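Step one of this worksheet: look at the structure below.
The values are calculated or read from the model by the stated rules, or taken from the named source; none is laboratory data. Note that the coordinates shown come from a computational prediction; the quantities given were computed from them, not determined experimentally. Note: ideal-geometry Cβ built from the backbone for every residue, glycine included; neighbour counts use all protein chains shown. Keep in mind that these areas ignore ligands, DNA and RNA; they rest on the heavy atoms of the full protein, side chains included. Shrake-Rupley method; radii C 1.70, N 1.55, O 1.52, S 1.80 Å.
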Amino acid sequence: SSSSSSSSNHAVEYDFERDGVMESVSVGGTFDRLHAGHRLLLAVAMRAVAPGGTLYVGVTSSELLANKSFGEYVESYEVRAASAKAFLAACDPSGTVDVRVGPLDKNPPLAATVSEMRGLVISKETIAGAEALNDMRASAGFDALRFIVVDLVGASPDGDARDKLSSTKLRERDAQRASRERP
């Protein structure tokens with residue numbers, strides 16, 4: 001079982017059997033309408049943490065979502081954080097991983113500020129942001145994070161993401177339904 005990993009602008013394979021698990025891993029996202037893509041990202045993140053380790057889950061705060069498409073249909077921070085936490089609890093029923101869920105806001109994320117952080121689970125569309133986090137870590141004198149890159153659910157094998165599963169498309173669908181149901 002492997003996922004792609006990127007580091008220093010080149011892709012390398014991350015293989016759990018070869019590369020093992022890490023004590024401290026981070027993952028972040030909006031996690032609106034916790035769909036299969038989110039579940040894949042979170043399940044891989046849980047898999048990347050050693051028993052007794054810590055998984056830091058950043059959930060985008062409402063303040064950072066002010067300009068999201070169909071923003072009025074975004075679930076509240078509380079609902080999104082609880083959904084992510086509940087899914088992760090189901091992934092680790094014996095509770096061997098310390099899961100810490102908190103907001104991603106205007107402050108630098110923990111992935112950039114916690115020196116002990118070792119891994120970051122990301123989707124293919126967030127590699128540039130992950131590299132920026134590693135630049136922040138380098139400026140602080142911290143080791144670079146290992147990236148575990150998860151494919152986009154619904155994207156074509158050639159990397160075309162037009163048909164990927166996305167919360168924005170789900171919110172757009174709900175907005176269209178709501179407009180049809182109005183008198």
Subject >> Residue that is open to solvent by 90 Å² or more (accessible area, probe 1.4 Å), farther than 27 Å from Val21 by Cα, in a helix (DSSP H, G or I) and modelled with pLDDT under 95, where the choices are Arg162, Arg180, Arg171 >> reply: Arg180
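Quick check on the stretch 99-112: of everything there that is open to solvent by less than 60 Å² (accessible area, probe 1.4 Å) and more than 14 Å from the chain's Cα centre (by Cα), which residue is nearest to His35 (Cα to Cα)?
The qualifying residue nearest to His35 (Cα to Cα) is Asp105.
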Subject >> Count - residues of the stretch 44-75 that are open to solvent by 40 Å² or more (accessible area, probe 1.4 Å), modelled with pLDDT of 85 or more and out of contact with any Phe, Trp or Tyr (no Cβ under 8 Å at 6 or more places or on another chain) >> reply: 5
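Take Ala140 and tell me if it is in contact (Cβ under 8 Å) with a residue 24 or more places away in the chain, hydrophobic (A, V, I, L, M, F, W, C) and touching a Phe, Trp or Tyr at 6+ places or on another chain (Cβ under 6 Å).
It is false that Ala140 is in contact (Cβ under 8 Å) with a residue 24 or more places away in the chain, hydrophobic (A, V, I, L, M, F, W, C) and touching a Phe, Trp or Tyr at 6+ places or on another chain (Cβ under 6 Å).
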**OP:** Output the number of the condition that Gly20 fails; it satisfies all remaining conditions of (1) open to solvent by less than 50 Å² (accessible area, probe 1.4 Å); (2) at pLDDT 90 or above; (3) not basic (Lys, Arg).
**Re:** (2)
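Give, as residue ranges, the helices (runs of 4 or more DSSP H) completely inside the stretch 70-144 that count at least 3 residues that are closer than 16 Å to Leu42 by Cα.
Correct list: 77-91.
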Original post:
Would you pick out the residues in the stretch 129-159 that are modelled with pLDDT under 90, of a type outside the set (Gly, Ala, Ser) and open to solvent by 40 Å² or more (accessible area, probe 1.4 Å)?
Top reply: Asp151, Val153, Pro157, Asp158
Original post:
Out of (1) among the aliphatic types (A, V, I, L, M); (2) farther than 27 Å from Phe142 by Cβ; (3) touching a residue at least 24 places away in the same chain (Cβ under 8 Å), the odd one out for Val79 is which?
Top reply: (3)
